[in-house]
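Some notes on the structure that comes next.
Where a number appears in this text, it was derived from the coordinates with a stated rule and is not lab data. Computed from a prediction, not measured in an experiment: that's the story for all the values here. Positions of Cβ are backbone-derived with ideal geometry, glycine not excepted, and every protein chain shown enters the neighbour counts.
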Amino acid sequence: MQRGAGGMPGEAGNGGHGDEKSVEDMLQDVMDGDLLETKRSILSVPPPAPLQASPLGSSTLFTPASAGDDLASLPSRRQSDAPEIEREGSLGFLSEQVGRHTKNLLSSMQSGRRASAIESDLDDHKGVVSREKVMALKTRIEDKITLASRYRSLLMFLLYCAMYVWVLYDQTDTDASYVVENSILSVVATPLEGKDLRTSDIYTWLQDLSLVIFKDPVCGDGVCEDPLEYAGFGRYGCESDCGRFPNTTTTFVNFEDPLASNPAAYTLATEMGGHPDWTWNAFSHTMGSFVFAEDQSVIGSSLFDIPDGVLDVCLYHRNKIYGKQSFQTSVLALLGTMDPQTMPAPEPRLNYDYGDAREALAMHAGIFTYLYVPEDNPTGTNLTVAPAISSKLTYGFFGAVGALASSGIGDANVLAYFNPCSLTDADIEAANLGQTCPSFIYPRATGCYDAKVLLQNWQCPACRTIDLREYSQPGDDVPVRPTNQPQRPVSPFNYIIGGIAIEQTRAVQVPCAPTSGEARFDCGDYCQQTRKRIFGSFYEESMCLGSNASSVPYGIDPAFLSSSSIFSGKLRPSDFGYEESDLSNAGVPFGFFPSFYKISPQLAQTIVNEKTPVLKGGDPVFRVYMDSRYGNEETMNAMAHLREGYFLDNLTKTVDVSLLTFNPVNDVFALCSVSFTFLDGGQIESTVYIKSRALSDFQVSAGRVVAMVLICLGSGAILRTEMSEVYEAWKNKDLASYFGDVWNILDILSFVSIPASVIIYDIIGAQVLATFPLAVNGTVPYILRD
């Protein structure tokens, strides 16, 4: 077939075929060339006129209807070829695409090529496009498109990961955290390294750490270190560095010791070890402590300055004699002409309680009877008559408490009085049994008294309460001591917040040899019987650690133990809320209890008991807290409470010591925790954990916002693809297969949680920044100082 002489518009008149390419060559160029350009060219050209198909063997050719026809006016395929179209099936679309691309190639040859040569190739069957070649072309194009798409997806995923990693990096100031953590670890963790720990080592480590943290400022160095130092008076504050607190009242206390005015009784009581050793002290509600560090003797007068507020002046009886070896109850009964069966039992716990009726009986029978001189025998040779209870059953002394006026001590300045305690005649007569007590000491005694009835109406208060108001009104608070939290550095610039929290979990104690038929410690009944037969009572009486956690109170409160360094006889269990169930068999409170917390009324309706043990991992926790406002003295008392109260024992499982710090220089919070694990073999393992976070981590920059937006968009695009796959699986009724692949579920969860975690982190960060505004000078945040 011949084309017109002019050829294609703009085409040279070259009529040869030497440099022309066949359709197959051009298709090969398509397959070897730039796939993206090929795809773009296929999609950009207008739909070509259909080619006429002619059968050739088992293949189909696509050729122009005639050489002289314009390509735009090519006839459509013959109707007779309809069965062939149906036979080809899915090749129709691909054939159309090849026709479009062929026209694109033909129309793009503006120079050096001729359409007639291409048509000649088609006529000579050189450009035959077989079914196999079309399918191969289709496969290669699809593979290259898929490969390019995968490369693009990989690139986008790498960018997505890079954005997420950058956000994580931007959310953590690693340099500041390292400096803070390393400084704290040098103080907390270094002393534990390379040690075979024992219980005593834990006490020593904790005490050394406390001494580093709870240091008292040096009074007299010329620097007033608020809040630990403040305007002083007496033993409070630091007057030399901070000046004197101006609003104080000079108060006086004056007592008259009855034994001091009776030399014989004083001497006898001292020789017999029965001197009561009466003392006094004043508790200031304003200061929250006793005015004097040591109790004062009742002999003489005392003056002291104290700020306005409620003041309790109390008496104490330090040397109790009732029930001692030389003052046994049976002897006291004989000396006091009382029925021995009615004598009260001695106090089970040593205390300094003043006004105890038993001590009044002991002094009456044990001291004053020895000094009794009967009227009928002044020389003391006939002591057959007992001294009268009505005149000798007295206890205590006279005293006065008041404020010192400018003109001296006068009645108008006395605010409270102390008087000796005694019984009325009616009370004494009510206790008279009307018979003679069995006494060989006083055979002429005419009375015998019931001690229980005698002391039934005994009253002898130990304290007098006064309210000093020279510079304030009743009920007003008097600020003397600063209330803000002191700065307690664990290491330089790392100040502790709150204090040190100590938590312990404990095991229950069970017999190593269980009851018959019970297996324990991988040892069944036969094994247990064998052990009992071999080891006997040694095995049967041994105790082992059970698997359950203990919630039973244990230890002892050393403040109530007379042998303790922190013993105080002025304390009573009731002062601290101890109930009868909180006391041991010796009447001394337990030292440590499982922690309790109050719950809201709404939750209380669902819980039987208003108090519920605090749980940690399902186990009851025994807590000890050392407040950062402690001074050195309080800290040492707390350590003595732990050591002498037996905080650590054979039932201890774990001990966690935690402290929270803040560094105002780097704005970094750090939480350090040291865990001690007590193994069954007797070893103690220590593990140190520390976490830190800078306030700058919560400050959202513009770059982080952009990255977060890109992360959210990327997650949305990925989730859109996943949802498309879910939709296709739903259409094909194959959801079980999709969700059966765990990777599909992980993909959905991952790309939902990643943007959610970033957003939630910054929301929490915004709340933190709003909650902890820094002080003006970069010190500890206000909320922590208060």
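Summary table below
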item: Per-residue HN-Hα couplings for the range 266-279 [Karplus 6.51, -1.76, 1.60; θ = phi - 60°; Hz; x = Gly/Pro]; result: 4, 5, 5, 4, 5, 5, 8, x, x, 5, x, 6, 6, 9
item: Most to least packed among 359-365, 201-207, 154-160 [average Cβ atoms within 10 Å]; result: 359-365, 201-207, 154-160
item: Sites matching GluC sites (Glu not before Pro) across the range 234-343 that sit in DSSP coil, with at most 14 neighbouring C-beta atoms within 10 Å; result: Glu294
item: Long-range amide H partners of Ser550 with built H, under 5 Å; result: Arg506, Ala507, Val508
item: Vicinal HN-Hα couplings computed from phi for the range 736-753 (Karplus, 6.51 cos²θ - 1.76 cosθ + 1.60; Hz; Gly/Pro x); result: 4, 5, 5, 6, x, 7, 5, 5, 5, 5, 5, 4, 5, 5, 5, 7, 8, 6
item: Estimated vicinal HN-Hα couplings, Hz - the range 232-248 in sequence order (Karplus 6.51, -1.76, 1.60; Gly, Pro = x); result: x, 6, x, 8, 9, x, 9, 5, 5, 9, 10, x, 9, 6, x, 8, 10
item: Relative contact order, percent, the range 207-291 [alpha-carbon distance under 8 Å, six or more residues apart]; result: 14
item: The range 254-357 shape via C-alpha gyration tensor axes, a/c threshold 1.5; result: prolate
